[in-house]
Every structure is written in structure tokens, then in C-alpha cells.
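Undergrad: Attaching a single structure in C-alpha cells format; questions to follow.
The values are calculated or read from the model by the stated rules, or taken from the named source; none is laboratory data. Everything numeric in this text was worked out from a predicted model, so none of it was measured. Cβ sites come from the backbone with ideal geometry, for glycine too, and all protein chains shown count toward neighbours.
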Amino acid sequence: MTAPAPDRPAAPADGARAGRGTLALYASGSVGMGVWVTVPGLLLLYFLTDVLGVPAFLAGLTLLLPKAIDVVVHPLLGSRSDREARRSGHRRRMMRAGVLLGAAMAAVFAVPPSLTGAPAALWVGGWFVVGNLLFACFQVPYLTTPSDLRVGYHERTRVFMFRMVLLTVGLLGAGIAAPALSSGGGRGDYARMALVLAVVMAVSAVVALRGVRRLTEECGFRAPDARAGHSTPADLRVAWRDRDYRALVLSYLFTGTTTHLFLAALPYVTAYLFDDTRLTALFMGLFLGPALFAGPLWTAWSRRIGKQRGLLLSQAVFAAGSLALLPGASLDGTPGVAVTAAVVMVMGVAFAGLQLFAFSMVPDAVAAAEAAGSSKAGAYTGVWTAAEATGTAVGPYVYAAVLALGGFAQASTGMGFSLVAAPALIVVLGPGRGVPAVLLLAVLASLLPLSRDWRHARPRDAGRLLLPALLGAPVAAWLLASVDARPAAVAAGCGVLAGVVLLARGAGSSFLRRPRGAWLAGLGSAGLNVIGGVGGPPIGLYAANAGWPARETRATLHAFFLVQNVATIALLGFVPPPWPSVAALVAGAAGGMALAPRLSPAATRTGVLAVSSAGALVLIGTAVL
């Protein structure tokens with residue numbers, strides 16, 4: 001058996017309590033972590049595209065690949081950290097690599113003047129990978145430390161509360177200082193900014209190393225068991241088989257993805273809804289700032305209600321806040337900004353609770369696993385930080401995934417792009433710009449598959465639906481311009497749902513097969529298209545009732561929506577969508593076009609009914625909220 005290292009601390013009782021000074025030293029490491037988390041996400045994409053001349057697609061890839069590497073590296077480092085802790089009685093050796101993280105930060109922005117375009121992206125991407133590896137070497141053992149301490153249930157929350165407060169200081173400080181230091185916009189300005197922040201990061205890491213040592217001396221060190229760290233796959237299996245821990249990780253993964261989706265959308269909301277990009281800094285401060293006072297309040301409250309209830313409560317408040325953003329987005333000027341600012345601050349309080357309770361429950365899961373005969377704190381933390389990295393990477397790309405899914409639905413069933421994509425784009429761009437942008441993308445979503453399947457379209461049936469739709473669009477726009485369209489949307493949505501239920505049960509409608517049925521479907525589609533860019537449900541009902549062959553159904557729907565959306569764009573105005581949305585749509589449409597020939601008539605009919613019912617629910621939900 002390996003002898004304990006000389007600096008292995010004694011093992012006080014599990015009720016040990018760390019001093020505030022020691023916790024402040026330990027938590028200071030989060031200042032440097034906050035800088036690394038903030039600055040690349042805030043400035044690196046702009047630095048690549050506008051300063052170094054890197055194409056936007058390549059710049060996005062440069063930032064995404066290091067995140068993908070993180071997902072693999074973190075569990076490996078977790079197992080290695082367990083081996084180190086078992087051998088030497090502490091985890092500080094791996095943490096010492098984090099002192100060099102500041103050097104990587106400086107190197108990322110110190111691009112040689114001769115490099116532009118792709119070579120510059122290679123330089124930045126290479127150093128970004130190095131920086132992420134150094135960050136992981138520091139982060140995994142650093143966050144594992146509370147799991148190693150011989151402290152009680154509530155003391156673990158207290159440790160993470162100190163850490164969260166100083167992490168917020170790092171996030172806010174970097175968010176303010178980095179743009180100010182690089183405001184000149186030149187390469188030299190960015191290099192000087194990175195050098196200044198690199199010094200802060202190095203000092204933060206050195207102080208944290210001292211804090212970790214003092215913390216384990218005061219509270220004791222709980223070494224991993226003899227089986228920990230021998231095999232990363234074995235450690236991962238143990239962590240995944242822990243039902244409580246697995247639920248906690250998955251919960252945090254979804255939460256992290258949602259919060260990073262919110263942060264990624266924030267600049268677009270301020271630019272397109274409020275037409276003032278300066279509000280981004282205000283809303284960001286209101287979102288992150290509450291952690292400075294909410295952390296201690298959540299900690300005190302957790303002693304009364306427990307961490308699990310605290311986590312559920314903060315999740316519920318965050319979800320309610322997300323819905324409450326809609327009223328602010330619908331208001332113009334100062335009232336809209338005021339309502340949104342208040343809601344964002346409440347969401348920030350909830351976000352502080354999400355972070356505090358989720359992180360402080362990881363040591364609880366480790367302690368429970370130890371009681372069951374297995375102690376692998378490093379492996380558990382490695383899986384946790386990998387999930388965090390996944391949420392960080394995936395969040396900003398959810399919008400692209402939504403658009404790709406819309407393109408897939410449109411190509412495979414003949415309808416569905418506007419239904420899937422409209423909510424996301426309208427939230428990001430606002431109703432005034434979002435609806436025309438959705439319609440323009442919907443034109444492309446219909447045009448791509450129709451270029452292959454146009455021979456199977458039914459021109460007569462498409463024309464029978466298009467005539468009332470085209471005549472009704474300007475009338476609907478005029479009627480709805482000065483009235484509240486929500487009651488009409490609710491009524492139409494309920495009518496579509498009733499029709500879907502009847503058709504799904506095998507009932508047919510002779511009325512829909514008559515000319516008056518086509519007129520009703522076309523007029524209904526025109527009105528819903530003007531209200532929210534979702535005119536598909538009435539047409540989907542008509543097509544499902546008609547009983548056309550699958551290929552003819554898709555081609556006819558594509559032809560109808562292509563012409564209808566072009567006409568509606570002419571009515572509402574032309575708004576070009578963001579270019580990444582076009583790439584995502586094309587990718588999804590390609591998948592749908594590949595699948596479409598393999599769908600049976602029954603599957604196509606089911607898909608059309610499913611999309612129609614989902615569209616009706618979206619109409620009702622949007623109107624009610």
C-alpha cells in the first residue's frame with residue numbers, strides 16, 4: 001500500500017467547518033476560471049471574423065471543435081485525478097498546470113501579423129485547445145475538492161456559495177474589462193487585453209492552490225477508494241450506474257443547454273427586438289449580478305427546504321421567467337425594456353440557485369456512493385464538467401438544430417418548416433422581422449424538394465387551394481392590422497385539432513372535398529400565415545382528407561406553400577434571414593429528401609396530421625401566452 005504523503009492532513013470529523021478566509025482563498029480560483037469562460041465566448045468570434053478575416057463558417061468551427069474535445073478529455077482527467085489523490089493524498093499537482101492558463105490566453109490573441117484567414121484560425125484554434133486542456137487540468141481537481149472534504153451536507157453548500165460569488169466577480173469583471181481593453185479594435189489592442197487578463201488568471205490560480213491546501217488541512221481529505229482511477233471506462237460505468245447522480249447530471253445538462261441558449265440569443269434580442277445593442281451589457285449584468293447576493297440567500301434557504309427542493313424551485317422560476325419574457329418582447333420602447341430587465345433579473349436569481357444547488361449536490365452524490373462502497377470523486381466531477389462543456393457547446397447551436405429539423409419535416413411530409421422554425425426565429429428576431437424571415441426560409445424549404453418532385457404535383461388541386469389563399473391574404477392582413485388576432489388564432493387552432501382527431505379516427509369530410517371546402521382551407525391558411533407565418537394546418541387537413549398518394553401529397557403541398565409564401569413576402573416585405581439559418585435548413589432538407597421516398601402513404605398521412613396538430617397547439621399556446 002502506498003504510504004501517505006507527508007502533507008496528507010489529518011482526518012477531522014465530518015462536521016468540520018472551514019474558515020471564511022480559507023474559503024475566500026479557495027474560491028479565488030474561480031475568478032480566473034470566470035475570465036477564461038467569459039472572454040473567448042464574448043470576443044473570440046468577432047476577433048476571428050472582423051480582425052483576422054476568418055470566414056464565418058470556419059470561425060464557428062474553430063470555436064466548436066475545442067468544446068468537442070472537452071467532452072472526451074474531462075472524464076479522462078477525472079480518473080487521473082483520482083489516481084493522483086490516492087497516491088499522494090491531494091489533487092494539487094494537476095491543478096498546477098492551470099497556472100499556465102494565462103499564457104494560453106495571451107497566445108490565443110497574440111496572432112502573428114503575417115497570419116490571416118485560415119492560418120490565423122489554425123493558430124487561434126490550436127492555442128484554444130491548449131487553453132481548454134489547461135483549464136480542464138485545473139477545473140476538474142478544483143471542483144472535486146469539496147467532495148474530498150470531511151464536511152457535512154450544508155457545509156458543502158457553503159463552500160460552493162463562496163465559489164459562486166467569486167466566479168460571478170470573474171465573469172462580470174472580464175465582461176466589463178475585456179471589451180474596454182480591446183476597444184481600439186486592432187490586433188495589438190486584443191493582445192494587450194489578453195496579457196493583462198493573463199496576469200489576473202495566473203494570480204488567481206496561485207492563490208487557489210494555497211486555498212485548496214489550507215481547506216484540506218482544516219477539513220480533512222477523503223481519499224478515493226483503491227479501485228478509483230484504474231480504468232476510465234470502468235469509472236464512467238460506475239458513475240452512470242448511480243441512478244441519483246445520473247438524474248442530477250442529465251438535469252444539469254438540460255439546464256446548462258437552456259441557459260446557454262438564453263445567453264446566445266440575448267445579443268439578437270437586443271439588436272432586433274429593442275434595436276439597441278448596448279442593452280446586451282445591461283441584461284447580462286442583470287442576469288449574472290444577482291449571484292452576488294442571491295447565493296447567500298439560497299444557501300440560507302436550503303437549510304430550511306433542502307437542496308433538492310431548492311433546485312426544483314429555481315428551475316421552476318427560471319422556466320416561468322422564460323415565458324414571462326414574451327410580454328416584454330411585445331412592448332415597444334422603454335416599457336418593453338423595463339419589463340424585460342425585471343424578468344431577466346428574476347431569471348438571474350433563479351440561475352444563481354441552479355448553479356449553487358446543482359454543483360453542491362455533486363459532493364452529496366459522491367458521499368452517498370462512498371457510503372455504498374465506492375468513492376470516485378474525480379471521475380464523478382470529470383463526467384460533470386464534461387456535461388457542462390456539452391451544454392456550453394450545444395446551447396448556441398440549438399437554433400440551427402431547430403431550423404434543420406424544420407427543413408427535414410418540410411422535405412419529408414410536405415409541410416412543417418414554418419411550424420418548427422417560426423417560434424425560434426420570431427423569438428430571436430421579433431415578430432416584425434421574424435415572420436418575413438421565416439417565410440423566406442420556407443420558400444427555400446419548399447423549393448429544394450420541389451426541384452426534384454415537381455412532376456408529381458397536382459396543379460389543379462394546388463390552384464384550387466391557392467386562389468382563396470392569395471385572395472384572402474391581403475384581406476386578412478388588412479382586417480388583422482388593427483385588431484387583436486389572438487381569439488381568431490385560438491379558434492382556428494381548436495378547429496384544426498378537432499379536424500385532426502376526426503381524421504385520425506378514420507372519419508372523412510365530404511365538405512372538404514368540395515370547392516367550398518378548398519376555399520375554407522385556403523382562406524384559413526391565408527389568415528394563419530399572416531398571423532404567425534404558420535399557414536400549414538388547414539392545408540394539411542385538406543390533403544389528409546383527400547387521400548392522395550404520398551409522393552403527390554408532398555409535391556402538391558410544396559407547390560402550394562412555395563407560391564403562398566412568395567405572395568405573403570410581397571405583402572409583408574423582404575427580410576433576409578441570418579446566413580447560418582440557410583445552411584441549417586439545407587442540411588435538414590437534404591435529410592428529409594433522402595427519407596421521403598421511403599415513407600408509405602400511411603406514414604406520410606400520419607406525419608401531415610402530426611405536424612398539423614402541433615401547429616395548432618403552437619397557435620393556441622402563442623395566443624394564450
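Undergrad: Can you confirm whether PHE160 is closer than 21 Å to GLY19 by Cα and either in the same structural domain as GLY310 (by TED's automatic domain parsing) or of a type outside the set (A, V, I, L, M) (or both)?
TA: Yes: the conditions hold for PHE160.
Undergrad: Next question. For region 306-357, give me each residue that is polar (S, T, N, Q) and farther than 30 Å from ARG163 by Cα.
TA: SER330, THR334
Undergrad: Is it the case that some residue within region 177-187 is under 28 Å from THR299 (Cα atoms), crowded, with 18+ Cβ neighbours inside 10 Å and hydrophobic (A, V, I, L, M, F, W, C)?
TA: There is no residue in region 177-187 that is under 28 Å from THR299 (Cα atoms), crowded, with 18+ Cβ neighbours inside 10 Å and hydrophobic (A, V, I, L, M, F, W, C).
Undergrad: Sticking with this structure for a sec: What pairs come up if the first residue lies in region 287-306 and is in the same structural domain as VAL169 (by TED's automatic domain parsing), the second is charged (D, E, K, R) and assigned to a helix (DSSP H, G or I), and their beta carbons are under 8 Å apart, counting only those six or more places apart or on different chains?
TA: THR299/ARG158
Undergrad: Can you tell me which of LEU65, LEU76, LEU134 is within 29 Å of ARG192 (Cα to Cα) and surrounded by fewer than 20 Cβ atoms within 10 Å (Cβ to Cβ)?
TA: LEU65
Undergrad: So which of GLY220, GLY184, GLY175, GLY211 is modelled with pLDDT under 85, more than 30 Å from the chain's Cα centre (by Cα) and on the phi < 0 side of the Ramachandran plot?
TA: GLY184
Undergrad: A follow-up question, please. Got a sec? Which of LEU76, LEU48, LEU44, LEU63 is assigned by TED's automatic domain parsing to the domain that holds GLU388 and modelled with pLDDT under 80?
TA: The conditions single out LEU63.
Undergrad: Quick check on my filter: what residues within region 108-132 are polar (S, T, N, Q) and part of a helix (DSSP H, G or I)?
TA: ASN132
Undergrad: Name the one entry in GLY353, GLY336, GLY373 that is in a helix (DSSP H, G or I) and modelled with pLDDT under 85.
TA: GLY336 is the lone residue from the list that is in a helix (DSSP H, G or I) and modelled with pLDDT under 85.
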